[in-house]
Amino acid sequence: MSGLAYLSAVRSLMQRLETQELPHIQALGIQLAQSVKVGKVVHVYDNGHMLNHELFNRAGGLALVARLDISRPSVTNQVVRKAEKHEGLDSSSIDLEMDTTLARYAVAHSSMGADDHLIIGSVSGRSAFVVELALAAQDRGIHTIALTAVSYAKALPPLHASGKLLYQVTEDVIDMQTEAGDGALALEGLEEKLGPTSGVMAAVVMWSLEAELAKALIESGVTPTVFRSVNYPDGPKRLRQAQNRFAQRGY
């Protein structure tokens with residue numbers, strides 16, 4: 001019955017989400033719709049495990065949500081040499097500096113503009129990168145929204161030099177309700193909990209937000225573009241039409 005236990009855990013989190021976060025999600029949907037109507041853009045950067053594949057270019061999804069894709073640079077330089085001592089070299093501090101530099105660079109070279117919205121998905125929100133990304137976006141006049149698990153975040157020490165976590169630096173926060181550690185099931189014989197819930201909850205939050213955003217647009221007289229499945233007989237044609245419509249209208 002472990003599968004049933006996992007489903008029960010997810011249902012419990014969804015109920016908590018409905019009780020604690022739905023009014024906020026509804027309000028954000030209206031706020032985002034007002035911005036979209038005047039030509040602003042909703043961007044999403046996800047540092048988690050699902051939204052980059054779940055949210056974009058898929059049947060039933062809004063065309064207007066823009067993915068912010070940031071790839072960390074990599075260097076391959078395999079050298080074998082005798083062991084050497086490197087005094088004063090702290091690799092962790094170098095990594096943090098690279099993260100904050102990359103975040104600033106990404107915002108500066110993105111297409112995000114003032115009064116756009118940036119939703120930053122990070123389960124714990126503790127990395128220096130996501131915190132700096134939020135701060136850099138705000139410096140550019142972009143409204144930031146954290147999609148995070150607040151109870152999880154509170155159980156961890158921050159890595160950013162400010163001593164703050166993602167939910168502490170953004171203008172808005174949506175709590176996905178995932179518990180600390182992410183795993184939902186304590187099974188006998190396993191040291192760690194099994195069954196992460198952050199991917200499921202992040203997807204539920206974002207589809208709920210898109211539903212509220214679409215509803216608010218329609219009620220204001222704007223019909224947003226929604227992608228149709230390419231698996232229907234006329235699917236490819238309808239997809240091209242939707243893409244062209246979105247390119248012309250921006251929503």
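All of the numbers you see were taken from the coordinates with simple rules; none came from a lab. Bear in mind that the values here come from a model prediction, so they are computed numbers and not experimental data. Counting neighbours? That spans all protein chains shown, and the Cβs are built from the backbone with ideal geometry, glycine included.
Of all segments of the chain bounded by trypsin sites (Lys or Arg not before Pro) found in a DSSP loop with no more than 12 other C-beta atoms within 10 Å, the longest spans 86-251.
Have a look at Asp175, Asp234, Asp69 and tell me which one the Gaussian network model of the chain (Cα, springs below 10 Å) gives the largest fluctuation. So, out of Asp175, Asp234, Asp69, the one fluctuating most is Asp234. For the chain, the share of DSSP beta bridges that are antiparallel, to the nearest 5, is 15%. Summarising the overall dimensions of segment 161-251 from its C-alpha atoms, the Rg and Dmax are 19.9, 57 angstrom. Listed from fewest to most Cβ neighbours within 10 Å, the set Ser122, Ser71 follows the order Ser71, Ser122.
Going from the residue with the fewest nearby Cβ atoms within 10 Å to the one with the most, His143, His53 rank His53, His143.
Equivalent ellipsoid of the chain: semi-axes from √(5λ) of the C-alpha gyration tensor, largest first, are 33, 25, 19 Å.
Here the 3J(HN,Hα) profile of segment 233-244, calculated from phi with Karplus coefficients 6.51, -1.76 and 1.60 at θ = phi - 60°, is x, 9, x, x, 5, 5, 5, 4, 4, 5, 5, 5 Hz, Gly and Pro shown as x.
Based on Cα contacts under 8 Å between residues 6+ apart, the chain shows a relative contact order of 26 percent. Using the rule -39500 (n - 2.57) for each DSSP H run of four or more residues, divided by the residues of the chain, the 222 nm mean residue ellipticity is -15000 deg cm²/dmol.
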